[in-house]
Amino acid sequence: MLKTPQSFTPVIDPLPHADPLNFIFNEGRLLVREADHALPDASLLAAVGADASRLQPVGMFGDRYCQATWAEGDLAPPDGYAWRGLRSLFGAWDEEMLAVGGRASQVSEWARTHRFCGVCGSSMERVPGERCFKCTSCRMMAYPRISPAMM
């Protein structure tokens, strides 16, 4: 069973960090380096069409800040990288990293699917200090469903 690691602390608002862990998703798959399954650095965000303004804070995993985003469309990965499902990383990553990756996936998917209001179709905006999007028109609020453990 994967569960939130003791060394993980959720973060609601973005933090400045020189070397964050970047979880970049595309159609449910994560961008990892083929040779060692490492996450890409921030320089690859633009290479896969991931808009830096969409970066969502995930948390602190030990002393590393984690952020998540998504890229849209059927994209070829950059040279040396591959789009991989999280399940395919069992055995390649330790359980703690997989658990953080699972949380990053949930945050990224919530942000991707809540860019527009489900009630009126207007734009949504992040609410500072909360993991929440609020409609700019009708004020409907959307919070993510985060599962702290997976079986």
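Residues in segment 20-48 that are more than 20 Å from Gln106 (Cα to Cα) and polar (S, T, N, Q): Ser43 only. So is Ser147 modelled with pLDDT under 95, of a type in the set (S, T, N, Q), part of a loop (DSSP other than H, G, I, E, B) and farther than 22 Å from Leu15 by Cα or not? Criteria met by Ser147. The set of residues in segment 83-141 that are open to solvent by less than 30 Å² (accessible area, probe 1.4 Å), farther than 16 Å from His37 by Cα and of a type outside the set (Gly, Ala, Ser) comprises Val107, Trp110, Cys117, Met124, Val127, Arg131, Cys132, Phe133, Cys135.
Taking segment 13-32 as the range and being in contact (Cβ under 8 Å) with a residue 24 or more places away in the chain, out of contact with any Gly (no Cβ under 6 Å at 6 or more places or on another chain) and open to solvent by 30 Å² or more (accessible area, probe 1.4 Å) as the test, the residues that pass are Asp13, Pro14, Leu15, His17, Asp19, Glu27, Gly28. The number of residues in segment 75-96 that are without any contact (Cβ under 8 Å) to a residue 24 or more places away in the chain and under 30 Å from Gly129 (Cα atoms) comes to 0. The residues listed here are Phe133, Phe90; of these, the one that is at pLDDT 95 or above and not β-branched (Val, Ile, Thr) is Phe133.
Of all residues assigned to segment 45-52, none qualifies as being without any contact (Cβ under 8 Å) to a residue 12 or more places away in the chain, closer than 30 Å to Gln6 by Cβ, in contact with a strand residue (DSSP E or B) (Cβ under 9 Å, 6 or more places away or on another chain) and surrounded by 12 or more Cβ atoms within 10 Å (Cβ to Cβ). Screening Glu72 with (1) closer than 18 Å to Thr9 by Cα; (2) touching a residue at least 12 places away in the same chain (Cβ under 8 Å); (3) open to solvent by 80 Å² or more (accessible area, probe 1.4 Å) gives one miss only, at (1). One residue stands out among those in segment 130-144 that are assigned to a loop (DSSP other than H, G, I, E, B) and without any contact (Cβ under 8 Å) to a residue 60 or more places away in the chain: the one that is nearest to the chain's Cα centre (by Cα), which is Pro144. Against the definition (over 17 Å from Pro20 (Cβ atoms) and out of contact with any helix residue (DSSP H, G or I) (no Cβ under 9 Å at 6 or more places or on another chain)), how does Asp94 come out, yes or no? Yes, satisfied.
The values are calculated or read from the model by the stated rules, or taken from the named source; none is laboratory data. Computed from a prediction, not measured in an experiment: that's the story for all the values here. Note that we place each Cβ from the backbone using ideal geometry, even for glycine, and neighbour counts take in every protein chain shown. Surface areas here come from the heavy atoms of the whole protein model, side chains and all, with no ligands, DNA or RNA. Shrake-Rupley method; radii C 1.70, N 1.55, O 1.52, S 1.80 Å.
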